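One structure is given here, and the rest of the page talks about it.
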Amino acid sequence: MKFTFTIFLFLCTVLAFAQPKLEMTSKGFTPIELPTPNKPNEKLIEASKSWAAFYNKQGYDVYDVTESSLKIDALKKNAYLFRNLGETFSYDITYTLNIVFNADKTYKLQFSVKQIYLKGTPVKTTIPDFFMPDGNLKEDFSDVKPTLEDTANKIAVSFSNFIVN
């Protein structure tokens, strides 16, 4: 039993690292395209709704549902860190997953940040505010990009693993 479980964990880890990564740019996150399991779109849409309920315990909203796409909004606590003068601030976000299931048995996943919160209060900061006009990350925000990308990729991997199984 231990051996089977170890193999299962190994395969899940390999699949998680084999998946393309969401990357944060000055225009937001780049979309990724992944293969879907051999299931009809109706089953994939239902699995997506089930994932939303499973993953987002603090609430979620599924909307713009069509035969081949849907959007999911949810709150993610402690989505990224910002350090300033030795003090660390943890920010929450409301994110949107825009998921489109294609006819060629792939799906496109677009991650976007709708709102950023500090201690439950909305802030006016947006993703482009972390970047200079030339697209490079501002020096003060060196902690933001890796922590927010990590959060986005954990969400994407969770979604991908859920609909595959």
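The values are calculated or read from the model by the stated rules, or taken from the named source; none is laboratory data. Given the structure is predicted, the values throughout are model-derived calculations rather than measurements. Heads up, the Cβs are rebuilt from the backbone with ideal geometry, glycines too, and the neighbour counts pull from every protein chain shown.
Identify, please: which residue in region 34-78 is in contact with a Phe, Trp or Tyr (Cβ under 7 Å, 6 or more places away or on another chain) and assigned to a strand (DSSP E or B) and is, among those, surrounded by the fewest Cβ atoms within 10 Å (Cβ to Cβ)? Result: Leu34. Tell me, please, whether a residue that is in contact with a strand residue (DSSP E or B) (Cβ under 8 Å, 6 or more places away or on another chain), within 18 Å of Leu70 (Cα to Cα) and not aliphatic (A, V, I, L, M) can be found in region 117-131. Checking region 117-131: not a single residue is in contact with a strand residue (DSSP E or B) (Cβ under 8 Å, 6 or more places away or on another chain), within 18 Å of Leu70 (Cα to Cα) and not aliphatic (A, V, I, L, M). Filtered by the rule that a residue be among the polar types (S, T, N, Q) and buried (at least 20 other Cβ atoms within 10 Å of the Cβ), region 154-165 gives a lone residue, Ser160.
Of all the numbered requirements in (1) touching a residue at least 12 places away in the same chain (Cβ under 8 Å); (2) under 30 Å from Ser50 (Cβ atoms), Tyr63 misses one, and that requirement is (1). For region 88-105, filtered to residues that are surrounded by 13 or more Cβ atoms within 10 Å (Cβ to Cβ) and touching an Asp or Glu at 6+ places or on another chain (Cβ under 9 Å), the residue that is farthest from Asp150 (Cα to Cα) is Asn102. Inspect region 146-159 for any residue being of a type in the set (Val, Ile, Thr), more than 21 Å from Leu85 (Cα to Cα) and over 13 Å from the mean Cα position of the chain (by Cα) and give the result as yes or no. There is no residue in region 146-159 that is of a type in the set (Val, Ile, Thr), more than 21 Å from Leu85 (Cα to Cα) and over 13 Å from the mean Cα position of the chain (by Cα).
Taken together, the criteria place Leu109 among residues that are assigned to a strand (DSSP E or B), at pLDDT 95 or above and surrounded by 13 or more Cβ atoms within 10 Å (Cβ to Cβ). Filtering region 112-132 to residues that are assigned to a strand (DSSP E or B), of a type in the set (Val, Ile, Thr) and either within 19 Å of Lys154 (Cβ to Cβ) or touching a Gly at 6+ places or on another chain (Cβ under 7 Å) (or both) leaves Val113, Ile116.
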